[in-house]
Amino acid sequence: MRTQIAAANWKMNLALSEAEALVDQLIAVPHQLNNNQLVILAVPFPYLIAVQNKIAGKKNIFVAAQNCYTKKSGAFTGEVSAAMLQSIGVEYVVLGHSERREYFKEDNSLLADKVNIALEHNLKPVFCCGEPLAVREAGTQDKYVETQLQESLFHLSEHEITGFIIAYEPIWAIGTGKTATNQQAQDMHANIRSVIAGKYSVTVADSISILYGGSVKASNAKEIFSMTDVDGGLVGGASLIADEFITIMNSLK
Ligand code: PEP
(Lines give C-alpha, C1' and ligand atoms only; values in the text may rest on other atoms or scores of the structure.)
Protein backbone atom coordinates (compact mmCIF):
# COMPACT_ATOMS: atom_id res chain seq x y z
CA MET A 1 0.00 0.00 0.00
CA ARG A 2 1.14 3.54 -0.76
CA THR A 3 2.36 5.71 2.12
CA GLN A 4 -0.57 7.58 3.66
CA ILE A 5 0.39 11.02 4.97
CA ALA A 6 -1.09 13.66 7.23
CA ALA A 7 0.97 16.78 6.58
CA ALA A 8 0.53 19.95 8.60
CA ASN A 9 1.34 23.29 7.00
CA TRP A 10 1.65 25.82 9.79
CA LYS A 11 2.48 28.59 7.29
CA MET A 12 3.68 31.79 9.06
CA ASN A 13 1.81 31.17 12.31
CA LEU A 14 2.52 30.63 16.01
CA ALA A 15 5.13 31.93 18.43
CA LEU A 16 7.77 29.41 19.51
CA SER A 17 6.02 28.73 22.83
CA GLU A 18 2.73 28.08 20.98
CA ALA A 19 4.47 25.82 18.46
CA GLU A 20 6.05 23.78 21.25
CA ALA A 21 2.75 23.52 23.12
CA LEU A 22 1.02 22.32 19.96
CA VAL A 23 3.63 19.60 19.37
CA ASP A 24 3.41 18.57 23.03
CA GLN A 25 -0.33 18.07 22.58
CA LEU A 26 0.13 16.12 19.34
CA ILE A 27 2.66 13.72 20.82
CA ALA A 28 0.87 13.31 24.16
CA VAL A 29 -1.58 10.99 22.41
CA PRO A 30 -0.08 7.59 21.59
CA HIS A 31 -0.82 7.42 17.86
CA GLN A 32 -1.23 4.04 16.30
CA LEU A 33 0.55 4.89 13.07
CA ASN A 34 1.11 1.87 10.84
CA ASN A 35 4.29 1.40 8.87
CA ASN A 36 2.58 2.88 5.82
CA GLN A 37 1.44 6.05 7.64
CA LEU A 38 3.44 9.23 8.14
CA VAL A 39 2.90 12.56 9.83
CA ILE A 40 4.85 15.53 8.52
CA LEU A 41 4.88 18.90 10.29
CA ALA A 42 5.88 21.74 7.94
CA VAL A 43 6.92 24.40 10.40
CA PRO A 44 8.52 27.85 10.03
CA PHE A 45 12.32 27.75 9.63
CA PRO A 46 13.12 29.11 13.12
CA TYR A 47 11.20 26.25 14.75
CA LEU A 48 12.61 23.31 12.80
CA ILE A 49 15.22 22.30 15.36
CA ALA A 50 12.94 22.83 18.37
CA VAL A 51 10.19 20.71 16.82
CA GLN A 52 12.71 18.07 15.72
CA ASN A 53 13.92 17.81 19.32
CA LYS A 54 10.36 17.39 20.56
CA ILE A 55 9.55 14.57 18.14
CA ALA A 56 12.90 12.79 18.46
CA GLY A 57 12.28 9.06 18.86
CA LYS A 58 8.63 9.28 17.76
CA LYS A 59 7.98 6.77 15.03
CA ASN A 60 6.73 8.08 11.68
CA ILE A 61 6.58 11.78 12.64
CA PHE A 62 8.90 14.16 10.78
CA VAL A 63 9.40 17.88 10.28
CA ALA A 64 9.45 19.62 6.92
CA ALA A 65 10.67 23.01 5.82
CA GLN A 66 8.08 25.08 3.95
CA ASN A 67 10.50 26.14 1.23
CA CYS A 68 14.15 26.21 0.17
CA TYR A 69 16.17 28.24 -2.30
CA THR A 70 17.50 27.09 -5.66
CA LYS A 71 21.17 27.70 -4.84
CA LYS A 72 23.47 25.77 -2.54
CA SER A 73 25.01 28.79 -0.77
CA GLY A 74 26.14 32.35 -1.40
CA ALA A 75 25.01 35.96 -1.37
CA PHE A 76 21.25 35.39 -1.19
CA THR A 77 20.26 37.33 1.91
CA GLY A 78 17.21 35.95 3.64
CA GLU A 79 17.11 32.63 1.80
CA VAL A 80 17.59 29.14 3.23
CA SER A 81 19.31 26.42 1.21
CA ALA A 82 18.58 22.72 0.88
CA ALA A 83 22.14 22.13 2.11
CA MET A 84 21.34 23.99 5.34
CA LEU A 85 18.20 21.95 5.85
CA GLN A 86 20.13 18.75 5.25
CA SER A 87 22.80 19.89 7.72
CA ILE A 88 20.22 20.08 10.52
CA GLY A 89 18.72 16.71 9.65
CA VAL A 90 15.51 17.87 7.94
CA GLU A 91 14.21 15.24 5.53
CA TYR A 92 11.18 16.88 3.88
CA VAL A 93 10.51 20.19 2.15
CA VAL A 94 7.25 21.63 0.83
CA LEU A 95 7.77 23.09 -2.66
CA GLY A 96 5.42 24.99 -4.92
CA HIS A 97 2.72 25.88 -2.41
CA SER A 98 0.20 28.14 -4.13
CA GLU A 99 1.03 30.97 -1.73
CA ARG A 100 4.66 30.83 -2.87
CA ARG A 101 3.53 30.69 -6.49
CA GLU A 102 1.19 33.66 -6.05
CA TYR A 103 3.00 36.01 -3.63
CA PHE A 104 6.59 35.14 -4.49
CA LYS A 105 6.07 34.52 -8.20
CA GLU A 106 7.47 30.98 -8.16
CA ASP A 107 6.85 29.42 -11.54
CA ASN A 108 7.08 25.86 -12.81
CA SER A 109 10.63 26.28 -14.10
CA LEU A 110 11.96 27.74 -10.83
CA LEU A 111 10.22 24.91 -9.00
CA ALA A 112 12.01 22.37 -11.20
CA ASP A 113 15.28 23.89 -9.95
CA LYS A 114 14.07 23.70 -6.34
CA VAL A 115 13.07 20.06 -6.78
CA ASN A 116 16.54 19.31 -8.19
CA ILE A 117 18.47 20.98 -5.40
CA ALA A 118 16.23 19.37 -2.78
CA LEU A 119 16.87 15.90 -4.22
CA GLU A 120 20.62 16.61 -4.45
CA HIS A 121 20.53 17.15 -0.69
CA ASN A 122 18.44 14.08 0.08
CA LEU A 123 15.35 16.11 0.92
CA LYS A 124 12.01 14.63 -0.03
CA PRO A 125 9.80 17.26 -1.66
CA VAL A 126 6.09 17.57 -0.94
CA PHE A 127 5.32 19.06 -4.34
CA CYS A 128 2.16 21.17 -4.48
CA CYS A 129 0.05 21.69 -7.58
CA GLY A 130 -3.49 22.88 -8.21
CA GLU A 131 -5.59 25.24 -10.25
CA PRO A 132 -7.08 28.67 -9.53
CA LEU A 133 -10.84 29.20 -9.55
CA ALA A 134 -10.95 30.65 -13.09
CA VAL A 135 -9.30 27.50 -14.47
CA ARG A 136 -11.75 25.26 -12.59
CA GLU A 137 -14.66 27.32 -13.91
CA ALA A 138 -13.32 27.00 -17.45
CA GLY A 139 -13.09 23.22 -16.96
CA THR A 140 -9.39 23.10 -17.93
CA GLN A 141 -8.01 22.01 -14.55
CA ASP A 142 -6.69 18.65 -15.77
CA LYS A 143 -4.48 20.24 -18.42
CA TYR A 144 -3.37 23.00 -16.00
CA VAL A 145 -2.17 20.54 -13.36
CA GLU A 146 -0.63 18.29 -16.01
CA THR A 147 1.49 21.25 -17.21
CA GLN A 148 2.62 21.97 -13.64
CA LEU A 149 3.81 18.37 -13.32
CA GLN A 150 5.41 18.28 -16.78
CA GLU A 151 7.36 21.49 -16.27
CA SER A 152 8.51 20.89 -12.69
CA LEU A 153 8.80 17.11 -12.30
CA PHE A 154 8.91 15.27 -15.60
CA HIS A 155 12.63 15.82 -16.14
CA LEU A 156 13.19 13.47 -13.18
CA SER A 157 14.36 9.92 -13.72
CA GLU A 158 12.08 7.02 -12.88
CA HIS A 159 14.24 6.34 -9.84
CA GLU A 160 13.96 9.95 -8.63
CA ILE A 161 10.19 10.21 -8.97
CA THR A 162 9.34 6.80 -7.51
CA GLY A 163 7.73 7.29 -4.09
CA PHE A 164 7.39 11.04 -4.59
CA ILE A 165 4.84 13.04 -2.59
CA ILE A 166 2.49 15.33 -4.52
CA ALA A 167 -0.15 17.52 -2.89
CA TYR A 168 -3.11 18.48 -5.05
CA GLU A 169 -4.46 21.72 -3.67
CA PRO A 170 -7.15 23.50 -5.68
CA ILE A 171 -6.40 27.14 -4.89
CA TRP A 172 -10.08 27.98 -4.55
CA ALA A 173 -10.29 25.54 -1.63
CA ILE A 174 -7.26 26.74 0.36
CA GLY A 175 -8.17 28.66 3.50
CA THR A 176 -11.62 29.39 2.09
CA GLY A 177 -13.61 26.78 3.98
CA LYS A 178 -14.67 25.50 0.56
CA THR A 179 -13.56 21.89 0.08
CA ALA A 180 -13.47 20.11 -3.24
CA THR A 181 -16.07 17.37 -3.27
CA ASN A 182 -14.74 13.88 -2.66
CA GLN A 183 -15.36 13.13 -6.32
CA GLN A 184 -13.55 16.27 -7.53
CA ALA A 185 -10.54 15.28 -5.42
CA GLN A 186 -10.66 11.66 -6.60
CA ASP A 187 -11.00 12.69 -10.27
CA MET A 188 -7.97 14.97 -10.14
CA HIS A 189 -5.87 12.48 -8.18
CA ALA A 190 -6.73 9.78 -10.72
CA ASN A 191 -5.80 12.22 -13.50
CA ILE A 192 -2.44 12.96 -11.86
CA ARG A 193 -1.77 9.24 -11.48
CA SER A 194 -2.67 8.54 -15.08
CA VAL A 195 -0.46 11.36 -16.40
CA ILE A 196 2.44 9.96 -14.36
CA ALA A 197 1.70 6.45 -15.62
CA GLY A 198 1.76 7.79 -19.20
CA LYS A 199 5.12 9.49 -18.72
CA TYR A 200 6.75 6.79 -16.56
CA SER A 201 4.78 3.60 -15.79
CA VAL A 202 1.81 2.32 -13.83
CA THR A 203 4.22 1.00 -11.21
CA VAL A 204 5.75 4.45 -10.72
CA ALA A 205 2.31 6.10 -10.64
CA ASP A 206 1.16 3.62 -8.02
CA SER A 207 4.13 4.43 -5.81
CA ILE A 208 3.28 8.13 -5.54
CA SER A 209 1.45 9.48 -2.51
CA ILE A 210 -1.04 12.11 -3.67
CA LEU A 211 -2.34 14.25 -0.82
CA TYR A 212 -5.41 16.43 -1.02
CA GLY A 213 -5.21 19.97 0.40
CA GLY A 214 -7.91 22.59 0.76
CA SER A 215 -9.94 23.11 3.93
CA VAL A 216 -9.39 19.59 5.25
CA LYS A 217 -10.64 19.39 8.82
CA ALA A 218 -11.54 16.80 11.43
CA SER A 219 -15.10 16.58 10.16
CA ASN A 220 -14.28 15.84 6.50
CA ALA A 221 -10.85 14.12 6.59
CA LYS A 222 -12.07 10.55 6.83
CA GLU A 223 -14.37 10.73 3.81
CA ILE A 224 -11.83 12.52 1.62
CA PHE A 225 -9.00 10.16 2.63
CA SER A 226 -11.22 7.16 1.88
CA MET A 227 -11.19 7.94 -1.84
CA THR A 228 -9.12 5.42 -3.82
CA ASP A 229 -6.45 7.80 -5.09
CA VAL A 230 -6.31 10.12 -2.07
CA ASP A 231 -3.37 9.21 0.16
CA GLY A 232 -3.92 11.69 2.97
CA GLY A 233 -3.89 15.45 3.20
CA LEU A 234 -1.89 18.65 3.41
CA VAL A 235 -3.64 20.68 6.07
CA GLY A 236 -3.33 24.40 6.81
CA GLY A 237 -5.74 26.01 9.27
CA ALA A 238 -6.90 22.84 11.00
CA SER A 239 -3.31 21.74 11.66
CA LEU A 240 -2.92 24.59 14.15
CA ILE A 241 -5.56 23.07 16.44
CA ALA A 242 -4.29 19.96 18.24
CA ASP A 243 -7.63 18.14 18.50
CA GLU A 244 -8.43 18.79 14.85
CA PHE A 245 -5.08 17.55 13.62
CA ILE A 246 -5.11 14.50 15.88
CA THR A 247 -8.46 13.48 14.37
CA ILE A 248 -7.03 14.10 10.89
CA MET A 249 -3.99 11.90 11.69
CA ASN A 250 -6.35 9.20 12.90
CA SER A 251 -8.36 9.44 9.68
CA LEU A 252 -5.54 8.09 7.48
CA LYS A 253 -6.34 4.79 5.84
C1 PEP B 1 -2.57 24.65 2.82
O2 PEP B 1 -2.05 25.58 3.39
O3 PEP B 1 -1.87 23.93 2.13
C4 PEP B 1 -4.01 24.43 2.98
C5 PEP B 1 -4.56 23.45 2.32
O6 PEP B 1 -4.67 25.27 3.83
P7 PEP B 1 -6.15 25.04 4.45
O8 PEP B 1 -6.17 23.63 4.99
O9 PEP B 1 -6.25 26.06 5.54
O10 PEP B 1 -7.13 25.24 3.35
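The values are calculated or read from the model by the stated rules, or taken from the named source; none is laboratory data. A quick note: this is a predicted structure, and the numbers were derived from the prediction, not measured. Quick reminder, even Gly has a Cβ in these numbers, built from the backbone with ideal geometry, and neighbours come from all protein chains shown. The protein model used for the area step is the full one, side chains on, heavy atoms only, and it has no ligands, DNA or RNA in it. Shrake-Rupley method; radii C 1.70, N 1.55, O 1.52, S 1.80 Å.
Quick notes
- Extents of the range 20-114, largest first, come to 42, 23, 23 Å (Cα atoms, principal axes, whole angstrom).
- Paired Rg and Dmax values of the range 4-249, which use every Cα atom, in angstrom: 16.9, 48
- Counting only residues at least eight positions apart within a chain, or on another chain, the aspartates and glutamates with an alpha carbon under 13 Å from that of K217 are D243, E244.
- Residues in the range 4-249 average 43 Å² of solvent-accessible surface per residue, probe 1.4 Å, ligands and nucleic acids excluded.
- Each of D107, D243 has its accessible area taken with a 1.4 Å probe; listed largest first, they run D243, D107.
- Relative contact order for the chain, counting Cα pairs under 8 Å that sit 6 or more residues apart, in percent: 21 percent
- Annotation: peptides 164-175, 49-60, ranked by per-residue average of other Cβ atoms within 10 Å with the highest first, follow the order 164-175, 49-60.
- DSSP H segments from the chain that extend 15 Å or more along their own axis, Cα-based, with Kyte-Doolittle mean of 0.0 or above: 16-28, 108-120
- Close amide-amide hydrogen proximity is noted between Q37 and Q4, each under 5 Å apart and 5 or more residues distant or on a separate chain (H modeled in the peptide plane; Pro and chain starts excluded).
- Listed peptides 224-234, 145-155 appear in the order 224-234, 145-155 once ranked by packing, highest mean of other Cβ atoms within 10 Å at the front.
- Centroid-to-centroid separation of the range 105-150 and the range 185-249 [C-alpha atoms, Å]: 16 Å
- The three principal axes of the Cα atoms in the range 146-202 give end-to-end lengths of 37, 19, 19 Å, sorted in falling order.
- Taking a Cβ cut-off of under 12 Å around L26, the surrounding Lys, Arg, Asp and Glu residues balance to a net charge of -2, with basic ones at +1 and acidic ones at -1.
- Ordered by 1.4 Å accessible area with all protein chains kept, V204, V29 run largest first as V29, V204.
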